[in-house]
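The values are calculated or read from the model by the stated rules, or taken from the named source; none is laboratory data. What you are looking at is a predicted structure, and each value in this text was computed from that prediction instead of being measured. Here the Cβ is made from the backbone with ideal geometry for all residues, glycine too, and neighbour counts use every protein chain on show. Ligands, DNA and RNA are stripped out before the accessible areas are found, and what is left, the full protein with its side chains, is counted by its heavy atoms. Shrake-Rupley method; radii C 1.70, N 1.55, O 1.52, S 1.80 Å.
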Amino acid sequence: VDLGVKRLATTFDGKDSLIISGKPILSLNRLAAKNSGKRSAFLKRFKIGSRKHRKAKRSFNDQSRKIDNLKRDFLHKTSSVLVNVCHAKGIGKIVFGDCAETHTESNLGKVNNQKVSSGCEQKFRKYVEHKFLGVTGLVPEHYTSQTCPVCAQRKKSNSRAWKCDCGFTCDRDWLGAFNIYNVSLGTFGNRTSNVVAIWQRQGDYGLMLIRHIVNLR
């Protein structure tokens, strides 16, 4: 599983890939930031400790609690979908790419740093670990979104579409999940010539999910 912000999780099990969008979480984070800004400006209009100040504070606290509940509900539902898919396929182990340091060592500019630091992918991982009946683990994810599975060449991409000089093209998040899968098997960085990606968009389970099928010829 490759964890992220815009895409909460991208999975690969040797054949199929499942992408869980993180856009609902990003929308709720923006709403929470907007609510926090309004709170600070609005409370300054009243004397601290006054009846109107206490009433306004309770109102903003209720709004913040509702937003937190919506985020928690989304994470519970999407983690349950992932766990159920794994159980249905008989998967006994889930391996996550270890990206926890991005929350403390981000250097992506003020706006992007805020997005990364407020991401919920680590909470999502904890929910999956709690619900999954099999084994879970962490592996380093260094260069997993930059290494070509065909020629093992490294190349950065600023877009979601990743293209290697050898001609291989795929989704950047899928590339990360594919290489994390190989890291768990001890085959990361090996050259191969039989990787073919076939993309199919399917039902979203009501949670903005996208299913990708990958054939290894």
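Give the carbon-plus-sulfur fraction of the accessible surface of the stretch 2-103 in %, rounded to a whole number; probe 1.4 Å, heavy atoms of protein chains only.
Working: 3030 of 5680 Å².
The value for the stretch 2-103 is 53 percent carbon and sulfur by accessible area.
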Sequence-distant or interchain residues sharing an amide H contact under 5 Å with Arg7, placed H: which?
Gly22
What number comes out for the charge environment of Asn69, summing +1 per Lys or Arg and -1 per Asp or Glu over other residues with Cβ under 13 Å away?
+2
Within the set Lys89/Lys155; Lys89/Lys123; Lys34/Lys126; Lys23/Lys156; Lys38/Lys123; Lys15/Lys131, which residue pairs have Cα atoms separated by over 29 Å?
Lys89/Lys155
Please report the accessible area of Ile67 (heavy atoms, 1.4 Å probe, ligands and nucleic acids excluded) in Å², nearest 10.
10 Å²
So for the stretch 1-43, using the alpha carbon gyration tensor with a ≥ b ≥ c as root eigenvalues (a/c under 1.5 gives rounded; past that, a/b versus b/c decides prolate or oblate), I'd call it prolate
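Once you have the alpha carbon radius of gyration of the stretch 8-98, what is it after dividing by 2.2 N^0.38 Å, with N set to its residue count? Display every interim value, and only then the final one.
Numbers: Rg = 19.8 Å, N = 91, 2.2 N^0.38 = 12.2 Å.
Relative to the 2.2 N^0.38 Å estimate, the stretch 8-98 comes out at 1.62.
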Please compute the modelled spin-label separation between Ser59 and Arg154, points set 7 Å along Cα→Cβ, answer in nm with one decimal.
5.4 nm
What are the residues whose amide H is under 5 Å from the amide H of Asp16, where those residues sit 5 or more places off or on another chain and H is modelled from the backbone?
Val214
Residues with amide H under 5 Å from that of Thr136, placed H, sequence gap 5 or more:
Ile94
Given bins 5 angstrom wide, list per bin the percent of all Cα-Cα distances in the stretch 141-192, short to long.
5, 24, 37, 24, 8, 1
How much net charge surrounds Ile180 when only other residues with a Cβ under 9 Å from its Cβ are counted (Lys, Arg +1; Asp, Glu -1)?
-2
Going residue by residue through the stretch 9-16, the Karplus relation 6.51 cos²θ - 1.76 cosθ + 1.60 with θ = phi - 60° gives ³J(HN,Hα) values, rounded to whole Hz and with x marking Gly or Pro, of 7, 10, 10, 8, 10, x, 9, 9
